[in-house]
Amino acid sequence: MKKTLLIAASLFLLMAITPVVKAQEVSTGLDIYSSYVWRGTKFGTGPAFQPYMEFSAGGFAIGAWGSFSAGDVEDAEADLYASYGFDLSENSSLSFTLTDYYFPGDLWFEGTSHYIEPMVSLGLGSFSLTGAYMMNDGEGDIYLEAGLTAGPVDLTLGGGDGAYTVDGEFNICNIGISTSKEVKITDSFSLPVSGAAILNPSSEQFYIVVGISL
């Protein structure tokens, strides 16, 4: 219960510091992926349906995101998050995100059912750096990631410890290359399509993922 109250307090605090004069926007959508691979690890089997909704105002955003597998082994996820980002200069930015990871099946009001992660991301032109620390029941796992956009291609190099690697020691767990494009369906409608090839050196697994956004 204490952890649940901390989640709520953190989200309300971020809402309170949001400039109310900024334009407000509410968005919702659905992404469908051939499989769900996150930070180098695959969750569930079969295609994954990932709905989301978000309220944003200026650099502030608060929302909900989920993933539900269509295969025989479902690894459902339903997350809440709040973030705030701002420009440091013309080509650099900084953002802070607080995420509450929850996996349906566990009791939502049980504190140990939630994985709380503060994350900071720094953008420097086409280069980005991200650091995150996921906490649950007194334990925590570190994840660090560097990203580079090179034309239509995004390159990712990530490493972590704990649950991110086979032996729990810090190691590279996410090497990825991805791209996206708009597929024209009609003169007035295009479908965003993305694809990624992902290698996890820690688990020695390789994945190819394709998705569409609605």
inquiry  = Need the full-extension length gain, Leu214 to Glu139, defined as separation in residues times 0.36 nm minus the C-alpha distance. One decimal, nm.
reply    = 23.3 nm
note = Normalised per residue, the volume inside the convex hull of the alpha-carbon atoms of the range 76-157 in Å³ amounts to 106
task = With label points built 7 Å along Cα→Cβ from the Cα atoms of Leu157 and Trp108, find their separation and express it in nm.
result = 4.1
key: Estimated inter-spin distance, Leu199 and Asp72, nm [label 7 Å along Cα→Cβ]   = 3.1
ask   = How high is the FRET efficiency from Asp167 to Val26, r the C-beta distance, R0 35 Å, rounded to 0.05?
value = 0.20
request  = Quick one, can you get me the convex hull of the C-alpha atoms of the range 143-188 expressed as volume per residue in Å³?
outcome  = 101
ask   = Computed over the Cα atoms of the range 76-124, what is the ratio Rg over Rh, Rh following Kirkwood?
value = 1.18
task = Roll a 1.4 angstrom probe over the protein heavy atoms and tell me the percent of accessible area of the chain that is carbon or sulfur.
result = 63
task = Quote the Stokes-Einstein diffusion coefficient, in whole µm² s⁻¹, for the chain, based on the Kirkwood radius over alpha carbon pairs, a temperature of 20 °C and a viscosity of 1.002 mPa s.
result = 115
Heavy atoms of Phe189 accessible to a 1.4 Å probe, total area in Å² rounded to 10 = 100
query = Which translational diffusion coefficient, to the nearest whole µm²/s, is obtained for the range 109-199 from the Stokes-Einstein equation, given a Kirkwood hydrodynamic radius over C-alpha pairs, 37 °C and 0.692 mPa s?
reply = 212
inquiry  = Can you compute the charge dipole magnitude of the chain about its Cα centre, using +1 on each Lys and Arg Cβ and -1 on each Asp and Glu Cβ, nothing else charged? Give it in debye, rounded to the nearest 20.
reply    = 500
request  = Could you work out how far apart the two model spin labels at Tyr52 and Ser180 are, taking each label as a point 7 Å from the Cα in the direction of the beta carbon, and quote it in nm?
outcome  = 0.8
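The values are calculated or read from the model by the stated rules, or taken from the named source; none is laboratory data. Everything numeric in this text was worked out from a predicted model, so none of it was measured. Note that each Cβ is placed from the backbone with ideal geometry, even for glycine, and that neighbours are counted across all protein chains shown. For accessibility, only protein heavy atoms count, side chains too; no ligands or nucleic acids. Shrake-Rupley method; radii C 1.70, N 1.55, O 1.52, S 1.80 Å.
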